[in-house]
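Everything below concerns the one structure shown next.
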Amino acid sequence: MKLVQALVFATGSSYRQGVAHGLTAGHLAAENLKRFWAGLSCNGYQKKDIIRQALKNEDILKDHTLEEISGIAAGANLSYEELLAFNLYHGLVLPEECTVMMAVGSASASGSTVFAKNSDKIGDESLVGDRFYRNKEINVILFSEAKDGGRIVGVSAAGSTGLKMGLNDKGIAAGTNISRTVELAQRKVNITQLRAVDRAQLIRDGLEYNTALDAVSYVAKKVAENPMATPGNVEFAEARVAYIMEGSYDRVALKRVEDDVDSRSN
C-alpha cells in the first residue's frame, strides 16, 4: 500500500500553489472528499449544514490559506465550499492517529535533533473491507515555495492545505497527533455548532516562522482563541530545542524539551 500517492510542487502566490495542487492531485482530493462526506453522513450530518457552518468559520483561516483552497478548487474542478469544509473539519472524520518522537540536542548521537512521526494507517492491498485502506485519506507530498522564497515540505491529505508532518527551510520540523483522553470519549462534538482550528493547518502556519519558539507561540495563541476540535498535540523541533503543545477543549499546556528524548502518542 502506498501511503503517499502524488508529489505536488507548488510555487508563487497562494492561489497559484493551490492550482498546482489541484492540477496534480485533484483526482485524489475528490476521493478524499468522498470519504469525508461519507464519514459525516454515517454520523447523521447533512452536507448543506456542514457547508453552512464552514462558510461561517472562514475567518478562522488566514486569507492566503483561503486563496490556496480556492486555487485547489479551480485546479481540481471541485467545489470551493466542499474543500473549505474538508480543510476545517476533516480531522474530526479522519484524525491523525500517530506517534511523534524526538531526541533533542545532545540526546541524539549526532548532537542535533532527530524528529520523526509514524503513520498508524492500517492494512495492505489485500485488506479492502470496511475501515481499511480504501476508506483512509490519500496523502501527497507537498513542496511549497512562497513568493518571499520561504520553502516548506510535508505530508498532506490531497485537497488539504494543512500538513500532518513537515519541515521548513529554517530547519524547523513539525508534527501533530490526536490524544485519546477521557474527555474525548465523554464529549460529543456537534460540527454544525463548532468553531475550532485544525492541527494540520496549525503546523503549516507555524512553519512560516523562523524559530520553533515563534511557531509554537503562534499556535498556542490560535488555540487559546479557538480550541481544537479534538484533544491533541502539536510539536515543533529545531537543532537544539523542541516544544510540545498539548491542547484540549478548554486548556493548553506547553513543554520545552532540551537535550532529552520525548514523544507523544494517540
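The values are calculated or read from the model by the stated rules, or taken from the named source; none is laboratory data. Note that this is a predicted model, so its numbers are computed, not measured. Glycine also receives a Cβ, built like all others from the backbone with ideal geometry; neighbour counts cover every protein chain displayed.
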* Asked: Just wondering, is there one or more residues in segment 247-260 that are among the aromatic types (Phe, Trp, Tyr), more than 16 Å from the chain's Cα centre (by Cα) and at pLDDT below 95?
  -> yes
* Test each condition in (1) of a type in the set (Ser, Thr, Tyr); (2) surrounded by fewer than 20 Cβ atoms within 10 Å (Cβ to Cβ); (3) out of contact with any helix residue (DSSP H, G or I) (no Cβ under 7 Å at 6 or more places or on another chain) for residue 80 and report the one that comes out false. => (3)
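Please pick out the residue among 6, 29, 10 that is part of a strand (DSSP E or B) and within 10 Å of residue 72 (Cβ to Cβ). Don't jump to the end; show me each part of the working.
On the way: 6 fails: within 10 Å of residue 72 (Cβ to Cβ); 29 fails: part of a strand (DSSP E or B).
Just a single option satisfies the conditions, and that option is 10.
Being assigned to a helix (DSSP H, G or I) and in contact with a Lys or Arg (Cβ under 8 Å, 6 or more places away or on another chain) is the filter here, so list the residues in segment 204-231 that pass it. I'd like the intermediate steps shown before the answer.
To start, the set of residues in segment 204-231 that are assigned to a helix (DSSP H, G or I) comprises 204-206, 212-225.
Across segment 204-231, the qualifying residue is only 205.
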* Asked: How many residues does segment 210-263 contain that are in contact (Cβ under 8 Å) with a residue 40 or more places away in the chain and either among the aromatic types (Phe, Trp, Tyr) or in contact with a Cys (Cβ under 9 Å, 6 or more places away or on another chain) (or both)?
  -> 2
* Structure fact -> Counting only residues in segment 222-246 that are surrounded by fewer than 19 Cβ atoms within 10 Å (Cβ to Cβ) and farther than 20 Å from residue 95 by Cβ, the one farthest from the chain's Cα centre (by Cα) is identified as 240
* Asked: Is it true that some residue in segment 211-234 is out of contact with any strand residue (DSSP E or B) (no Cβ under 9 Å at 6 or more places or on another chain) and more than 24 Å from residue 142 (Cα to Cα)?
  -> yes
* For segment 39-55, what are the residues that are farther than 12 Å from residue 89 by Cβ and in contact (Cβ under 8 Å) with a residue 12 or more places away in the chain? -> 52, 55
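Quick check on this structure: which one of 216, 155 is in contact with a Ser or Thr (Cβ under 9 Å, 6 or more places away or on another chain) and modelled with pLDDT of 80 or more? Walk me through it before giving the result.
Values: 216 fails: in contact with a Ser or Thr (Cβ under 9 Å, 6 or more places away or on another chain).
Among 216, 155, only 155 is in contact with a Ser or Thr (Cβ under 9 Å, 6 or more places away or on another chain) and modelled with pLDDT of 80 or more.
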